[in-house]
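The values are calculated or read from the model by the stated rules, or taken from the named source; none is laboratory data. Computed from a predicted structure; not experimentally measured. Neighbour counts run over all protein chains shown; Cβ positions are idealised from the backbone, glycine included. Only protein heavy atoms, including side chains, enter the accessible area calculation; ligands, DNA and RNA are left aside. Shrake-Rupley method; radii C 1.70, N 1.55, O 1.52, S 1.80 Å.
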Amino acid sequence: MKKNVPLAIVLILGIAFIVQFFIPSKPSQIAFNTMIEWDLILYVFASIIAVDSLVRHHVIKINRKNKGWGYSVVYLAAALFMVLAAVFSGTRDDSFYMKVFYYTLAPMQSTMFAILAFYMASASYRAFRAKSFEATLLLISAFIVMIGLIPQ
């Protein structure tokens with residue numbers, strides 16, 4: 001029951017918004033705009049909860065001196081640095097914060113996603129191992145999707 005209700009809500013809303021996209025009408029546009037507003041509100045609260053959870057996790061790891069606690073110190077220092085840079089220099093295109101973002105954070109994120117892509121490719125190969133015709137088709141379709149998602 002706990003799984004089915006959220007899945008049913010997502011299914012109903014997904015179908016409704018697909019219909020709204022292909023058959024736009026005044027009431028469906030109003031519903032869509034209302035959902036977008038609620039989406040923003042939920043996003044803000046989810047972000048606050050996520051940041052709180054992440055900071056608590058790393059503070060607890062530092063206090064207990066768990067394995068890798070030094071990385072938690074580095075993470076908290078970097079997060080605080082980025083917040084302070086955004087507060088004091090602003091977020092204009094020529095600000096210090098945006099320079100730090102474009103020249104350090106963005107390349108690091110690209111590297112992590114590239115590593116993740118190779119990990120997923122090797123894991124899917126090991127999982128499917130093209131032992132049957134269906135597995136071969138699934139492997140080929142996954143490869144085509146991954147190639148299609150590569151930025152140009």
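Annotations for the structure displayed:
- Accessible surface of the chain, 1.4 Å probe, proportion on carbon and sulfur as whole %: 75 percent
- Here the range 32-75 is treated with +1 on each Lys and Arg Cβ and -1 on each Asp and Glu Cβ, and its dipole about the Cα centre works out to around 580 debye.
- Linear extension gain, residue 38 paired with residue 16, 0.36 nm per residue minus alpha-carbon span: 6.3 nm
- Cα gyration tensor, the range 40-99 - rounded (a/c under 1.5), prolate or oblate: oblate
- Percent RCO, i.e. relative contact order, over the range 1-119, from Cα pairs under 8 Å lying at least 6 residues apart: 9 percent
- Solvent-accessible surface of the chain, averaged per residue with a 1.4 angstrom probe and all protein chains in place: 86 square angstrom.
- Most mobile listed residue (91, 111, 136) in the chain, GNM with C-alpha springs under 10 Å: 136
- Leading residue at positive end of dipole, the chain (Cβ point charges), from 17, 88, 114: 114
- Considering only 74, 87, 19, the mean-square fluctuation computed in a Gaussian network model of the chain, springs between alpha carbons under 10 angstrom, is largest for 19.
- Residues residue 98 and residue 73, FRET efficiency given R0 of 35 Å [Cβ-Cβ distance, rounded to 0.05]: 0.85
- Normalised Debye scattering of the range 1-118 at q = 0.16, 0.19, 0.22 Å⁻¹ gives log10 I(q)/I(0) of -1.05, -1.10, -1.18, counting only Cα atoms as equal scatterers and leaving out solvent.
- For the range 1-41, the spread of Cα positions along each principal axis, largest first, Å: 34, 24, 11
- For the range 7-152, size of Cβ-based charge dipole, Lys and Arg +1, Asp and Glu -1, in debye: 700 debye
- Prolate/oblate/rounded call for the range 60-152, Cα gyration tensor, a/c under 1.5 rounded: oblate
- Selected from 5, 125, 36, residue furthest toward positive end of dipole (the chain; charges at beta carbon): 125
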